[in-house]
1. Taking a threshold of 25 Å on the Cα-Cα distance, which of the pairs 452/598; 159/235; 335/626; 377/477; 335/598 fall above it?
2. Say each of residue 248 and residue 157 gets a label point 7 Å from the Cα, pointing the same way as Cα to Cβ; how far apart are those two points in nm?
3. Under 20 Å from a point 7 Å along the Cα-to-Cβ line of residue 101: which residues of the range 1-23 have their amide N that close?
4. Name the long-range amide H neighbours of residue 65: under 5 Å, sequence gap of 5 or more, or other chain; modelled H, no Pro or chain starts.
5. Take peptides 587-597, 189-199 and line them up by average Cβ neighbours within 10 Å, highest first, as a rough protection proxy.
6. In nm, what is the difference between 0.36 nm times the number of residues separating residue 114 and residue 496 and their Cα-Cα distance?
7. In the range 238-306, which trypsin sites (Lys or Arg not before Pro) fall in coil by DSSP and have 15 or fewer other Cβ atoms within 10 Å?
8. May I ask you to derive the FRET efficiency for residue 279 and residue 206 from their Cβ-Cβ distance with R0 = 56 Å, giving the value to the nearest 0.05?
Amino acid sequence: IFLRVEHEGEVRVQLVAAKARVAPTAKSNKGMTIPRLELLAASIGSRLYSSVVKDYNLSNVRTIFWTDATTVLAWIQRSEPWDIFVMNRIREIRELTTGCKWQHIPGPLNPADLPSRGCSPKKFLSSRWWEGPTWLSSPESSWPQSCGDFDEEAINLEKKKSIVSSMFISSENQEWYYQRFSHYKMIVRTIGWIYRYKRNAKIKKDQRVHQDLTAEEYTMAEYKVLSMVQEETLKGVFDAKLSTLLPFVDQHGLIRIMTKISYKSDGNDFRHPIVLSSEHPVVQRLIMDIHFENCHAGVQMLMSILRQQFWLLGGRRAIRGVLNSCMRCKRYSAKRMESKPIPLPEPRVRNARIFEICGVDLPGPLYLKTVNGSREKGYICLFTCAVYRAVHLELLSSQSTDSFIQGFRRFMSRRGRPSTMYSDRGSNFMGLENAMRQLDWEEISRYSSVRKIDWRFNPPSSPWWGGWWERLIGVLKVLLRRVLGRASLNYEEMQTTLCDCEAVINSRPITYLSEDPEDLTPLSPSMFLQDVEEVGVPDLDLIEAKDLRKRYQYRQKLAVTLRERFRDEYLGQLKLTSTKQKVREVLPGEIVLIGDDKTARLDWPLGRVTDVIEGRDGNARVVELKTAAGGLTRPIQRLYPLELHLQSVEDDQVTPHLRQILHKKDDIQGPQPRDSDETDQEPDIISSSPTQDCNATSETEEDVLHKGFLKTRRGRIIQKPQKLDL
């Protein structure tokens, strides 16, 4: 490295740094050629330049690199894919010499040849090693010019070789025999009939055979198919895939392998199985056919059956892939979809009064004792505060809408009127909501302080959406089971018991319960329900206004402190937990299985996603589905994806029942209104009703014929029988 300085017309050149290394011998590195050694020299020079620039702070100085190796210069200047060794050095040189210029210099003018070729001390002292070459002190116009003589053969010798896979050498001529058929036996029979036609064409008509294929003809046709598969996937017995096996070619031209049971008295296929590559489509169709024939057997069973005749390369992986595409197996192995963890909604974490945001539900019935000794059903109505987790219990005589309205009125009279109510889609809740919907709330709010209650329903068949009241129902059931046992109470006794249970549940701690006596009392919902207990009624005549005002301010301060503790100790501890399950988005047009807890998986209906309903965070929570019976609305946790989409369904994967759903015309305009007597326990299978038929769109004959249906002579449309073939 030389430093050239121009000052007042005077040019001075001085050596700054130099480095030389001994080239590796031919024995130590046989692949090291002269161009590669010159490339290493350029790499060493780049590293030395980087250290000099860093030590002398010469980052803004113009730099020119000279080399007498035209091959190295071409590698650096051209952006082509080179070999790994060359590419790594080129990448390093370009990173270290960014902004620098590379030029060619003839070998006799290159001062770096002196240490590389070697010289005597006398010649070294007489050389211009310290001052640099004479041409470097001259003006730039007289510097050596770069030549364009490149040895393209030496340059291209280090080009990265493009490997083109030619596994299916004759695919253009032979791929027809498996692309037109979806079953292995159909492929074999087709080849067998082709050979039958070939033999019949060579003999007289009276000697031709017209019966079905014989066992021998079928076997020879199968050997021909397997031979074509081996020709397209293997390169003979010397293929690298067979390096760990002992292959040989039999009399039919098939590649088989030697086993340790070659001398066993058994079939030739079992002693010397045929080698097949599991990547070929014919082999995948073979696996699927054997899978169907053996009652949809699993991976281990199919491996055992196939090993009796074939030796599949990568067979276990291929069998898993084929089984994952089996629609019948996927119906039983599909896992339900999951959603991402989400924060609590804003009404549940805001600073509201107690029971302003409520959830309501009715647990199972209780049996109450009547006056005459008989037993009648009674129902518990549980109201819970969504913010402070307090509960209020009411005893109802039935599950009717009128009975619930009476209990709801008692709740509002004692706890205040809520602004938002959450519930499932029970018939009693839906009935009250329908009755409230008919009221003119604008007229009512104009002449009174009553405001409309915002009633929000959970999606059908999603009890976990109301988990914050379902958990309290579980606590209530434990208390009643342990308190009552087998006792039978009357109406008044049950009301008293429910009040006791309500007090116990509201007294439960909702924050950390410490064992340190100096710590604060843990928070409980009862603290927000009632004030500090005081015995006796104070005489207002003996209390001064100043003391009463101080007492009021003190109580207001306690209320503020209580809510601050609730914010810090309760809300501050609510953290989102991550889930290990993979969450994927559901897409419109996707074919899914609709789960139901009350029916077996075999009876679950298939449906197509027509619309995805997103939440405030943009994530999908609920979807609208179309089934053979009508429209449904379900949460995504009820969906079991089959990895099928309306635009990507293959014909060989579609059963008649699934084809009916895929190609059935959209005869339902939007989501159907649900009846008022629908409950959250309603099964997912909905029978057709006159309401749905009214919304259906009549199909013309052109639409029916476009679907592939046929007509009789008198115009009657012939439809295929709709069978449950899933």
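Derivation of every value follows stated rules applied to the coordinates shown; laboratory data play no part. These figures come from a predicted structure and were not determined experimentally. Glycine gets a Cβ as well: all are built from the backbone with ideal geometry, and neighbour counts include every protein chain shown.
1. 452/598; 159/235
2. Between residue 248 and residue 157, the simple spin-label model gives 4.6 nm.
3. Inside the label zone: 1-7, 9-14.
4. Under 5 Å from the amide H of residue 65: 101, 102, 103.
5. Final packing ranking: 587-597, 189-199.
6. Extra length available between residue 114 and residue 496 comes to 126.6 nm.
7. Of the trypsin sites (Lys or Arg not before Pro), the ones in loops of the range 238-306 whose Cβ has at most 15 other Cβ atoms within 10 Å are 260, 264.
8. 0.75
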